[in-house]
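A short write-up of the structure that comes next.
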Amino acid sequence: MKVTEHIKNANGKTQFSFEILPPLKGQHIQSIFGNIDPLMEFKPPFIDVTYHREEYVFKEVENGLLKKQVVKKRPGTVGICAAIQNKYGVDAIPHILCGGFSKEDTENFLIDLDFLGIDNVMALRGDAVKSETYFKPEKDGHAYANELVAQIEDLNKGIYLDEELLNSSKTDFCIGVGAYPEKHMEAPSLDSDIHFLKKKIKNGATYIVTQMFFDNQKYFDFVKKCRSEGITVPIIPGLKPIATKKQLNIIPHRFHVDLPEDLIIAIVKCKDNKQVREVGIEWCIEQSKALQKAGIPVLHYYSMGKSDNIRAIASALF
Ligand code: FAD
C-alpha cells in the first residue's frame, strides 16, 4: 500500500515508522532482522531502507603505491526491501539516489522494484562522494531530485526512456522526497530551498520526510511556510535520539542542524554515554509527544542501525 493511503486509512491517528541502514558488506541479513524484530509490535505501516552510493578507497599495492578502488560498503537496499515485505508483510521503501545512477540505471532499478511489488520510493539527490566537495551527477544522470521525481512519474505514466517501446506497462509508485526545516546546507536561503521542494511536488512527489530536528518549533515554522507556499502534501517529521556525547559535534557537522541549548547542557552534564542515551531518549519522547498532540500523521525515526533506543521511545508513545 502507498504511504499516502496508510496515512488516509489511519484516520488522524499518529503512526510509527522508522528507517534502517543496510548492514556493512559481509554481514548477514539477520543483523537487520535483529533490529527490526523489537520494533514490529508498534505496527509500522512502512519501513525505509537507505541507499548508500559508492565510495573511493585507496589500497596500498607494491612499492608503497596507492590504488584507487570504488566500493559500495552498504549494498543490498533492494534485497532488504524485498526481504522485509516478504518476512513482515510491511511496506518497505527503498531510497533511490541521483548520485551514481544514469537515467538508464534508474529505470532498471525502478523496474526491479515494480516487479518485486514495491510501490513506494523515496527519491533523493544524494551527497557528493566522500572524497569530493560538490555533488556531481553521472553522465546522463540527474542533477537534482526533482528531475528524478519526474522520471519516476513518467514511468508511472508508462513513459520509458526508449520512446519506441509499445504498449509499455505503467508503474504505480508513491514518491516521497526529503526536506530540511533548517535549510539544506547548499541552499542560499530557506525560501529558495522551498521553491525547489515545490518543484519536487509539482513533478509528482506526494509526501515529504524531513531531515532530523531537535526543536519542534523549527518543524512547525517550516510546515507553516510550506503551507503558505501552497505545499499541501503530508510533511512527516524525521526524529533521532542522541546517543553519544560525540554526536553533539557530529550531528550539526553532518546534518547541518542546530541543537537546543537545554539539550546541549543536559548532554554535557552526563558522566558517560549511558546517561547521554537516557537524555536523548527523554528528549525524543518529549518531542514526539508534542508532535503527536499536534496531530502529525506519522513520526519517522532514524534508527541508524540501532533499535534499542527507538524501542524505548515507541514504548512511551504507541
Ligand atoms: P535536492 O532536492 O535535489 O536538493 C539539493 C539542493 O539543491 C538543495 O539545496 C536545493 O535547494 C537545491 N536545488 C534543488 N533543485 C535545484 C535546481 N533545479 N536548481 C538549483 N538548485 C536546486 N542520502 C543518501 O545518500 N542516502 C539516503 O538513503 C538518504 N536518505 C535521506 C532521507 C531523508 C528523509 C533526507 C531528508 C535525506 C536523505 N539523504 C540520503 C541525504 C540527501 O541525499 C542529501 O541531503 C542531499 O544533499 C540532498 O538530497 P535532496 O533529495 O534533498 O536534494
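Over 19 Å between Cα atoms, which of K13/K289; K218/K293; K157/K200; K198/K240; K73/K139; K139/K200 qualify? As for pairs spanning more than 19 Å Cα to Cα, those are K198/K240; K73/K139; K139/K200. At q = 0.15, 0.21, 0.29 Å⁻¹, what base-10 log of I(q)/I(0) does the Debye formula yield for segment 137-198 when every alpha carbon is treated as an equal point scatterer in vacuo? For segment 137-198 at q = 0.15, 0.21, 0.29 Å⁻¹, log10 I(q)/I(0) is -0.60, -0.91, -1.20. With the gyration tensor restricted to C-alpha atoms of the chain, the semi-axes of the equivalent ellipsoid amount to 30, 25, 21 Å, longest first.
Note on segment 9-52: percent of Cα-Cα distances in each 5 Å bin, starting at 0 and stopping at the bin with the largest distance, equals 5, 18, 26, 23, 12, 9, 5, 2, 0. The distance linking segment 251-309 with segment 86-128 is 29 Å (Cα centroid to Cα centroid, whole angstrom). Sorting the segments 74-87, 199-212 by their mean number of nearby beta carbons within 10 angstrom, highest to lowest, gives 199-212, 74-87. Fully extending the segment from K43 to N249, taken as 0.36 nm per residue of separation minus the present Cα-Cα distance, adds 70.8 nm. Simple point charges give the picture: +1 on the Cβ of Lys and Arg, -1 on the Cβ of Asp and Glu, and for segment 250-318 a dipole about the Cα centre of about 220 debye. Under the criterion of Cα pairs below 8 Å and six or more residues apart, the relative contact order for the chain equals 20 percent.
What does the helix-only formula give at 222 nm for the chain: each DSSP H stretch with n ≥ 4 adding -39500 (n - 2.57), the total divided by the residues, and the result rounded to the nearest 500 deg cm²/dmol?
When only DSSP H runs of four or more count, the value is -12000 deg cm²/dmol.
Simple spin-label estimate for H28 and L116 gives 2.1 nm between the two label positions (7 Å along the Cα-to-Cβ direction from each Cα).
So between D262 and F196, what do we pick up on full extension, going 0.36 nm a residue minus the alpha carbon distance?
Extending this stretch completely gives an extra 20.5 nm.
Of the GluC sites (Glu not before Pro) found in segment 135-222, those in coil by DSSP whose Cβ has at most 14 other Cβ atoms within 10 Å are E163, E164, E186.
Close amide H contacts of Q15 (hydrogens built in the peptide plane, cut-off under 5 Å, sequence separation of 5 or more or a different chain): V298, L299.
Strictly greater than 22 Å: what percent of every Cα pair in segment 138-283 meets that? Percentage above 22 Å: 52. Which one, S31, P44, L263, is farthest towards the positive end of the dipole of the chain when Lys and Arg carry +1 and Asp and Glu -1 on their Cβ? So the residue we want is L263. Highest mean first, the peptides 226-235, 59-68 sorted by other C-beta atoms within 10 Å per residue fall in the order 226-235, 59-68.
Quick check for you: which residues of segment 299-318 have the amide N under 13 Å from the point 7 Å beyond the Cα of Q275 toward its beta carbon? The answer is none, because no backbone nitrogen lies closer than 13 Å to the label point.
The HN-Hα couplings worked out from phi for segment 291-300 by the Karplus form 6.51 cos²θ - 1.76 cosθ + 1.60 (θ = phi - 60°) are 5, 5, 4, 7, x, 5, x, 9, 10, 10 Hz, whole numbers, x standing for Gly and Pro.
Where a number appears in this text, it was derived from the coordinates with a stated rule and is not lab data. Because the structure is predicted, anything quoted here is derived from the model rather than measured. Using ideal geometry, Cβ is built from the backbone for each residue, glycine included, and neighbour counts are taken over all protein chains shown.
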